[in-house]
Amino acid sequence: VGSLVTIRVPLLTNLCLYTPIVARVQAITAHALLLEDTAASGAGRHAGTYQRIGDEFEHTMYPILLRNFGDPLRIDGQLNGIGLLTMVFTPQVTAMGGTSLNGFVASSDFYAPTQCGSSNHTEVFYATTPTDTSAATTALWSAQVRPTMIHEVKHLVQYAQRIATGAPLETRWLDEGLALTAEEIYDRSFNSSVQRGGATYQRSLACEMTLLAPACTGWALSMYNHFGFLSQYLQNTTAMSPAGSATSTDYSYYGSAWALIRYVAAMTGQDEAAFLSALT
């Protein structure tokens with residue numbers, strides 16, 4: 001912790017091009033390395049927040065991924081072999097994607113740097129940083145970036161699983177639907193709901209609408225987008241589909257694919273984790 005690391009941030013417009021940054025190690029857990037861009041606003045003043053996020057990944061998210069989908073570090077030995085998932089928090093993410101983008105992963109990191117110049121040759125999650133050091137801004141940022149973390153690392157799981165077995169990568173609608181399913185399962189750590197069990201509005205979305213309320217401290221924006229995307233689909237089912245975009249700006253399939261996966265997982269009668277792992 002405290003060491004400086006030079007790392008490449010791939011460009012969303014061309015994943016083999018990149019911006020190099022210098023980042024400082026903020027936290028290390030058994031399976032994650034958290035780095036903060038030294039050029040970020042308030043750099044070095046969020047160490048406690050990064051440690052809490054790292055601990056939550058270690059003790060809540062990583063076990064969820066292992067049980068229900070697979071290990072994002074499955075082929076780490078074929079990459080840099082450090083046994084840690086790298087999480088890079090940098091304002092470069094916002095610069096590329098605006099305020100609607102909380103984070104992303106890049107399949108290019110699974111290639112050798114000689115094949116793709118941006119590759120860090122390790123499993124990387126790229127995310128935003130808080131825009132200032134106020135408690136309210138930091139809390140809101142944390143509530144948005146944490147569900148994004150498990151969503152994006154689920155994508156790393158499918159890269160690792162499919163590369164390890166030689167299978168083609170998942171189709172995008174299924175990959176995104178499963179990533180939203182990972183967010184949903186993560187959300188249960190707050191609302192105490194279970195598969196095939198009911199979750200009232202008060203136990204699910206209420207705190208997502210009032211994130212900064214004292215009773216909602218530590219909550220995350222885990223399910224709001226699920227229902228937003230699903231409502232778009234339900235308003236136009238003849239033109240939209242769970243199996244992908246109807247137009248270049250249609251992302252409703254994120255929500256409808258999640259709902260379809262959730263329905264099938266419930267109707268099979270199988271153990272949820274076994275079903276989702278086999279599907280992945």
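The values are calculated or read from the model by the stated rules, or taken from the named source; none is laboratory data. Only a predicted model underlies this, so the values are computations on that prediction, with no experimental measurement involved. No Cβ is skipped: glycine too gets one built from the backbone with ideal geometry, and neighbour counts run over all protein chains shown. Only protein heavy atoms, including side chains, enter the accessible area calculation; ligands, DNA and RNA are left aside. Shrake-Rupley method; radii C 1.70, N 1.55, O 1.52, S 1.80 Å.
A few points about this structure:
- Selected residue (criterion: nearest to the chain's Cα centre (by Cα)) from residues of region 243-258 that are open to solvent by 30 Å² or more (accessible area, probe 1.4 Å) and in contact (Cβ under 8 Å) with a residue 12 or more places away in the chain: Y254
- Hey, A30 out of contact with any Cys (no Cβ under 6 Å at 6 or more places or on another chain), modelled with pLDDT of 95 or more and either closer than 29 Å to G117 by Cβ or open to solvent by 10 Å² or more (accessible area, probe 1.4 Å) (or both) or not: yes
- Residue among G77, G83 that is in a helix (DSSP H, G or I) and in contact with a Gly (Cβ under 9 Å, 6 or more places away or on another chain): G77
- In region 154-162 there is at least one residue that is at pLDDT below 95, surrounded by fewer than 19 Cβ atoms within 10 Å (Cβ to Cβ) and either closer than 30 Å to G77 by Cα or within 15 Å of the chain's Cα centre (by Cα) (or both).
- Qualifying residue in region 216-235 (condition: on the phi > 0 side of the Ramachandran plot and part of a strand (DSSP E or B)): no
- Filter pass, A95 being open to solvent by 10 Å² or more (accessible area, probe 1.4 Å) and either without any contact (Cβ under 8 Å) to a residue 60 or more places away in the chain or under 18 Å from the mean Cα position of the chain (by Cα) (or both): yes
- Boolean, F89 is open to solvent by less than 40 Å² (accessible area, probe 1.4 Å), out of contact with any helix residue (DSSP H, G or I) (no Cβ under 7 Å at 6 or more places or on another chain), under 19 Å from P147 (Cβ atoms) and touching a residue at least 40 places away in the same chain (Cβ under 8 Å): yes
- Residue check, A135 among the hydrophobic types (A, V, I, L, M, F, W, C), open to solvent by less than 50 Å² (accessible area, probe 1.4 Å) and at pLDDT 90 or above: no
- Selection status of T171, touching a residue at least 12 places away in the same chain (Cβ under 8 Å), out of contact with any Lys or Arg (no Cβ under 8 Å at 6 or more places or on another chain) and hydroxyl-bearing (S, T, Y): yes
- None of G42, G2 is of a type in the set (G, A, S), more than 30 Å from R188 (Cα to Cα) and either free of Cβ contacts under 8 Å to residues at least 24 places away in the same chain or in a helix (DSSP H, G or I) (or both) except G2.
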